[in-house]
Amino acid sequence: MTAWNADTEADVGGAEAITVVEGSSFCISTRSGDIRADGETNGAFYQDTRIVSRWILRINGALREPLVAQRPNSYEATFVGRAQWPGGRFDSPLVVRQVRHIGPGLQDDITLENYSAEAVDCDIELLVDADQADLFDVKGGRIPQGARVSRTVSDGGMRIEALRNGQRRGSAIRAAGAEISTEMLRFHATIPARGEWSTSVIVVPLINGVGPAAPFTQDGQPRGRVGVQRHLAWEEHIPRISVADGNIEATLRRSQSDLGSLRIFDAEHPDRAAVAAGAPWFMALFGRDSLLSSYMSLLVDPTLAVGTLQTLATLQGTKVDPDSEEEPGRIPHEVRLGVTAGLSLGGTAYYGTVDATPLFVSLLGELSRWGLSEDIIDSLIPHADRALDWIEKYGDRDGDGFVEYLRPNQHGLLNQGWKDSWDGINFADGRMAEPPTALCEVQGYVYSAYVGRSLLARWAGDPETEHHWAERAIALKEAFNEKFWLPDRGYFAIALDKDKTPVDACTSNMGHCLWVGIVDEEKAPSVAEQLMSPELFTGWGIRTLASDMGAYNPVSYHNGSVWPHDTAIVATGLMRYGFVDEAVKIASGILDAAEHFDGRLPELFCGFDRSEFHGPVPYPTACSPQAWAAAAPIQLARILLRFDPDFTRNVVHLAPILPEEIGDFRAENVLLGTSRVAISARGREGRIDGLPARLKLLKEPRPPLDERLGGRAGD
């Protein structure tokens, strides 16, 4: 999930950093609640701009002694500390509570509680600054250049603005009863015995002098704002999950909550939610990440996939632009709103990804089986056809039937698949592969797009289009199994390089090929054996690169680490080809790992073997919460239930294969078409309550999608 020019090794505020997030806004602070951004990545961010870079609370001239920091919700945190008593009294009875809310700005509710039997006079100072730095400058540790910063004070509060590259970004800071200077807010309070004093400090972000539509206000309650109302509505909308195994239940519930906090909304379509990639550095729409995350979240909320598709459709490429890498029909890699990003991208969107475009078509095909409105499907099919045009005219650069990538500039991503770090694609001996590069999983995604478009045509009663894309899928599958297969290794090459030489590293990518069904049946057992080998399976999850490869490094970003979403896709592929025990083993490993992360799987963790340490070793700069990591447990629950609706055939499949230690599983309020159902399961038994009359329950796994006539094996 590398951003277009991001340094993946950037610090995220230290091991004890506290992150709160809502939509595209987030705040990173120390455990005390203070923000110290000098040379650090702390701060409050709105639309990719740091609107608070210093936020230090001093009471009676001293910092607080931090006691605890808690996050009851993703969008709020509570910091509790002990303040210095005037004169330095030992064991001070003066307690500070600081409740922080993030959204279209920041609000801190600060309360001082006096547990003494005597009144106390307190001087309270809040040192503030807002450098208006672009997100990428902060992440890369760069000092913003060329900005003219102004600080003004009026009766309404403090305003800090920076003019950079013709855009004016700012922060309006205010608090009732404060003495305000250009550097701080100051209060003088007499706190009675056993009494308290409180205030609210509000930061409103400004873009060219204009604030957001629904900012924080002094007389408003945080829970009344739009973002929190949306989150509460999400909690009511999603399934209510109960599992006898309390750790798994906690993981699934945390996943649902995190997915809700990572939703972002289109201002022109406030009822349309897409999913951002992850906090803190990827709180933006990412084509590949958002599509895969929403696919893996279908059990929680299919409408999240709808919103993601609709939002990406509005950004689909229309012209050829080498700077942003836009091309007609192409789905963007990411969307950014910061000043620096906009200039470097040639706009707000960067299109340098090879897989988002086929995944767009593939997800639409999947949604047609989930009972989606025909009107929604019909409105998106033209965008799917434009995406398929991109695959043929721009994705397949040399006409060999495979989709390759090669950046047309010097600032875009060198590698443009999901392993998009600069060193992510390499040979078994560690040599780097040179582009143009055709990735194995991308050919699988294209195959899935062809099959999906064929199914959509069958659903629409269009046999000519159905047969056209079915034939394209058959041809691609044959060519893929011929060109990418390494018979002496027993696995698929990760890629073909610029000379069409197979890049022979053993990687997790071939598990994606199982997921989409492009692997020939006779090759699948060998692929499964490789994936389950000790070189790839750590006991917690699947390594991105096998441990006997030349570039292997268990603490690298893409060359030996474990990514939960990648592992979940591998498990899905194994289940698809009938390797049930292997899929269950992998699912159990990842769910065990989640327990060590307090139920919240990070973006990735280190690829050490399970026998080496008590728990999985964290990767130091992993995003958390992160969308496809949050979605991974949901996808694993779905494959363990073997739950697959298919409205195109008026059936729903449910064939649980839950490990006995999980015990009873129940998910109520699951959206299925326009109905709400309850799924119950234990071991190999399951039922669905409230099933729509048109659907027949089949207690068997869904047959794999097949390219023949856009149908299914055995139809």
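The values are calculated or read from the model by the stated rules, or taken from the named source; none is laboratory data. Fair warning: this is a prediction, and the values are worked out from it, not measured in the lab. Note that each Cβ is placed from the backbone with ideal geometry, even for glycine, and that neighbours are counted across all protein chains shown.
Given Phe643, Phe613, which one is over 25 Å from Val516 (Cβ atoms) and among the aromatic types (Phe, Trp, Tyr)? One residue alone meets the criteria, Phe613.
For every residue, the table says whether it meets (1) of a type in the set (Phe, Trp, Tyr); (2) over 24 Å from the mean Cα position of the chain (by Cα); (3) surrounded by 22 or more Cβ atoms within 10 Å (Cβ to Cβ).
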{"site": "Tyr350", "(1), (2), (3)": "yes, no, yes"}
{"site": "Asp355", "(1), (2), (3)": "no, no, yes"}
{"site": "Leu363", "(1), (2), (3)": "no, no, yes"}
{"site": "Gly401", "(1), (2), (3)": "no, yes, no"}
{"site": "Glu404", "(1), (2), (3)": "no, yes, yes"}
{"site": "Cys440", "(1), (2), (3)": "no, no, yes"}
{"site": "Leu456", "(1), (2), (3)": "no, yes, yes"}
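So, in the stretch 591-608, how many residues would count as being more than 17 Å from the chain's Cα centre (by Cα) and not acidic (Asp, Glu)? Selection size over the stretch 591-608: 6.
So for the stretch 393-408 (the condition being under 27 Å from Val570 (Cα atoms), of a type in the set (Phe, Trp, Tyr) and in contact with a Cys (Cβ under 9 Å, 6 or more places away or on another chain)), does at least one residue qualify? Checked the stretch 393-408: no residue is under 27 Å from Val570 (Cα atoms), of a type in the set (Phe, Trp, Tyr) and in contact with a Cys (Cβ under 9 Å, 6 or more places away or on another chain). Within the stretch 679-696, the set of residues being over 25 Å from Ile376 (Cα atoms) and either within 29 Å of the chain's Cα centre (by Cα) or outside any strand (DSSP E or B) (or both) comprises Ile679, Ser680, Ala681, Gly683, Arg684.
Scan the stretch 73-98 for residues that are over 34 Å from the mean Cα position of the chain (by Cα) and acidic (Asp, Glu) and jot them down. Once the filter is applied, which keeps residues that are over 34 Å from the mean Cα position of the chain (by Cα) and acidic (Asp, Glu), the stretch 73-98 yields only Asp91. Just one residue in the set Arg36, Arg64 is modelled with pLDDT of 85 or more, more than 30 Å from Gln256 (Cβ to Cβ) and in contact with a Ser or Thr (Cβ under 6 Å, 6 or more places away or on another chain); that residue is Arg64. Among the residues making up the stretch 43-91, those that are assigned to a loop (DSSP other than H, G, I, E, B), out of contact with any Gly (no Cβ under 7 Å at 6 or more places or on another chain) and under 25 Å from Cys122 (Cα atoms) are Asn60, Gly61, Gln84, Trp85, Pro86, Gly87, Gly88, Arg89, Phe90, Asp91.
Quick check: is even one residue across the stretch 623-646 touching a strand residue (DSSP E or B) at 6+ places or on another chain (Cβ under 7 Å), in contact (Cβ under 8 Å) with a residue 60 or more places away in the chain and of a type in the set (Gly, Ala, Ser)? Yes, the stretch 623-646 has at least one match.
Residues that are under 17 Å from Ile634 (Cα atoms), in a loop (DSSP other than H, G, I, E, B) and either in the same structural domain as Gly365 (by TED's automatic domain parsing) or touching a residue at least 40 places away in the same chain (Cβ under 8 Å) (or both) are absent from the stretch 302-316 altogether. Those residues that are in a loop (DSSP other than H, G, I, E, B) and buried (at least 24 other Cβ atoms within 10 Å of the Cβ), I need them from the stretch 25-42; list them, please. Residues satisfying the conditions are Gly33, Asn42.
Checked against (1) crowded, with 22+ Cβ neighbours inside 10 Å; (2) part of a strand (DSSP E or B), Glu603 passes all but a single condition, namely (2). Specify which of the listed residues (Asp271, Asp289, Asp375) is assigned to a helix (DSSP H, G or I) and without any contact (Cβ under 8 Å) to a residue 12 or more places away in the chain. Matching residue, one of Asp271, Asp289, Asp375: Asp375. All conditions but one from (1) out of contact with any Cys (no Cβ under 9 Å at 6 or more places or on another chain); (2) without any contact (Cβ under 8 Å) to a residue 60 or more places away in the chain; (3) closer than 24 Å to Ile657 by Cβ apply to Val562; the one that does not is (1). Candidates Glu471, Glu434: the one that is assigned by TED's automatic domain parsing to the domain that holds Ser324, part of a loop (DSSP other than H, G, I, E, B) and modelled with pLDDT of 95 or more is Glu434. Only residues that are at pLDDT below 95 and crowded, with 16+ Cβ neighbours inside 10 Å were counted across the stretch 378-397, and they come to 0. Scanning the stretch 224-269 for residues that are modelled with pLDDT of 85 or more, more than 19 Å from Val670 (Cβ to Cβ) and among the polar types (S, T, N, Q) gives Asn247, Ser261.
Taking every residue in the stretch 500-520 that is under 21 Å from Ser547 (Cα atoms) and in the same structural domain as Ala568 (by TED's automatic domain parsing) and pairing it with any residue that is surrounded by fewer than 24 Cβ atoms within 10 Å (Cβ to Cβ) and charged (D, E, K, R), at least 6 positions away or on another chain, the pairs with Cβ-Cβ distances below 6 Å are Val503/Asp497. Among the residues of the stretch 672-700, those identified as at pLDDT below 95 and touching a helix residue (DSSP H, G or I) at 6+ places or on another chain (Cβ under 8 Å) are Leu672, Gly673.
Suppose we keep only residues that are buried (at least 22 other Cβ atoms within 10 Å of the Cβ) and in a strand (DSSP E or B) within the stretch 127-141. Which one would you say is modelled with the lowest pLDDT? Per the stated criteria, the residue is Asp134. Comparison of Leu252, Leu232 shows that the only residue that is among the aliphatic types (A, V, I, L, M), touching a Pro at 6+ places or on another chain (Cβ under 7 Å) and not in a strand (DSSP E or B) is Leu252.
Restricting attention to the stretch 352-377 and to residues that are of a type in the set (D, E, K, R) and closer than 18 Å to Val652 by Cα, the residue that is modelled with the lowest pLDDT turns out to be Arg369. Picking from residues in the stretch 458-514 that are buried (at least 22 other Cβ atoms within 10 Å of the Cβ) and of a type in the set (Gly, Ala, Ser), the one that is farthest from Phe427 (Cα to Cα) is Ala470. Could you go through the stretch 648-671 and let me know if any residue there is under 27 Å from the mean Cα position of the chain (by Cα), in contact (Cβ under 8 Å) with a residue 24 or more places away in the chain and closer than 23 Å to Ala460 by Cα. No.
Screening the candidates Arg272, Arg330 for the property of being in contact with a helix residue (DSSP H, G or I) (Cβ under 9 Å, 6 or more places away or on another chain), of a type outside the set (Val, Ile, Thr), more than 14 Å from Ala631 (Cβ to Cβ) and at pLDDT below 95 yields one hit, Arg272.
Scanning the stretch 416-427 for residues that are without any contact (Cβ under 8 Å) to a residue 40 or more places away in the chain and either within 14 Å of Glu325 (Cβ to Cβ) or within 20 Å of the chain's Cα centre (by Cα) (or both) yields nothing.
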